[in-house]
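Right, one structure below, let's go through it.
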Amino acid sequence: MKIRAGYEIAYECPVPTPMILTLSVHHSRVGDLVYTDRPVFDPPLPANTYHDSFGNFCHVIEAPAGRLAMRAAFEIVDSGIADTYAPDAPQHPLGDLPVDTLLFLLGSRYCETDRMVSVAWERFGHLPKGWGLVQAICDFVHDHIAFDYGCASPQKTAFDAFTQRRGVCRDYAHLAITFCRCMNIPARYCTGYLGDIGVPVDPAPMDFSAWFEVYLGDRWYTFDARHNHPRIGRILMARGRDATDVALVTSFGPSTLASFCVTTFEA
């Protein structure tokens, strides 16, 4: 199947403002692109593109004073296969984990393992390790948090989402990641496109989506605590410890989001 996706975003800046953008399709999906996914700026300006320490494409720009519009539109080939279901995938003892997964056991800006470890072990410590444990965590988070765009906040952490019980997709991901790490399962944050493919169309405006991956057996697997069932057509943009590492736009100065539109649909 083919999927068309893209965005149109605009910022207002009172003064020239450096920014780092993490808005491009992840390098692992570049080979699936029908045509290149690169940001276009209005007014035109140069971008220094690099790979960060997590392998994500990033673009360094200096937004001019006034309005800056950025957009991209692309088509990508997708398998049309839903997220992998592997109920027999085992959990490794910590000493057997690949060393490059160990970073994803540690607490991070939005995933405060130190504040949640007691809760995690009280709720999940009696369960068998492995896939079923991760699914139990997703089931709990899915039922515990009510989705509410009005409760979105860049300051909200996993602990906040747990206590407030309302949030958006990033809050579901942060809380599930935190519980997984507390239970010694490497978990990393993902952001990207997820259209209404194979599910009823959501009338709400489209947005980027957040989900997470865990390391079980010999590979990383996708889980999604917000939707809590396998989905078709995920287009990964970036991975990291939490939303800090994959922020769509990191502004090094004053800026105001002026417009925001995301599209993704089966071509």
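The values are calculated or read from the model by the stated rules, or taken from the named source; none is laboratory data. Owing to the predicted nature of the structure, the values given are computational and were not obtained by experimental measurement. Neighbour counts run over all protein chains shown; Cβ positions are idealised from the backbone, glycine included. Just so you know, the surface numbers come from the protein's heavy atoms only, side chains and all, with ligands and any DNA or RNA stripped out. Shrake-Rupley method; radii C 1.70, N 1.55, O 1.52, S 1.80 Å.
Among beta bridges identified by DSSP and lying wholly in the stretch 1-105, the antiparallel ones come to about 100 percent.
Using only Cα atoms, figure out Rg for the stretch 185-224 and give it as a multiple of 2.2 N^0.38 Å.
Numbers: Rg = 12.8 Å, N = 40, 2.2 N^0.38 = 8.9 Å.
Its radius of gyration relative to the 2.2 N^0.38 Å reference: 1.44.
Taking a ≥ b ≥ c as the square roots of the Cα gyration tensor eigenvalues, the stretch 1-58 comes out oblate, since a/c reaches at least 1.5 and a/b does not exceed b/c.
Between the residues ALA136, GLY55, LEU21, the greatest Cα displacement towards the positive end of the dipole of the stretch 1-149, with unit charges on the Cβ of Lys, Arg, Asp and Glu, is found for LEU21. What is the helix-to-structure angle for 169-182, meaning the angle in degrees between its Cα long axis and the longest Cα principal axis of the chain, kept from 0 to 90 and rounded to the nearest 10? Around 40 degrees separate the two axes.
A simple spin-label model places the labels of PHE260 and ASP100 3.2 nm from each other, with each point 7 Å out along Cα-to-Cβ. GNM, the chain, Cα, under 10 Å: largest mean-square fluctuation among THR256, THR191, THR22? Result: THR256 has the largest fluctuation of those listed. Put a plus charge on the Cβ of each Lys and Arg, a minus charge on the Cβ of each Asp and Glu, and nothing anywhere else: the dipole of the chain about its Cα centre is then about 200 debye.
Please report, in whole Å³, the volume per residue of the convex hull around the C-alpha atoms of the stretch 129-267. Write down the numbers at each step before the final one.
Values: hull volume 18.3 nm³, N = 139.
Convex hull volume per residue, Cα atoms: 132 Å³.
Accessible-area rank, largest first, for HIS59, HIS142, HIS51: HIS51, HIS142, HIS59, with all protein chains present and a 1.4 angstrom probe. Between TYR35 and ALA247, the FRET efficiency estimated from the beta carbon spacing at R0 = 25 angstrom works out to 0.45. Projecting the Cα atoms of VAL77, PHE223, PHE124 onto the charge dipole of the chain, computed from C-beta unit charges around the Cα centre, puts PHE124 farthest toward the positive end. When all protein chains stay in place and ligands, DNA and RNA are ignored, the 1.4 Å accessible-area order of PHE140, PHE179, largest first, is PHE140, PHE179. In a simple Cβ point-charge model (Lys, Arg +1; Asp, Glu -1; nothing else charged), the stretch 88-153 has a dipole of about 120 debye relative to its Cα centre. Counting only heavy atoms of the protein chains and using a 1.4 Å probe, LYS156 has close to 10 Å² of accessible surface.
Placing a pseudo-label 7 Å from each Cα along the Cα-to-Cβ vector at SER118 and ASP148 gives an inter-label distance of 2.6 nm.
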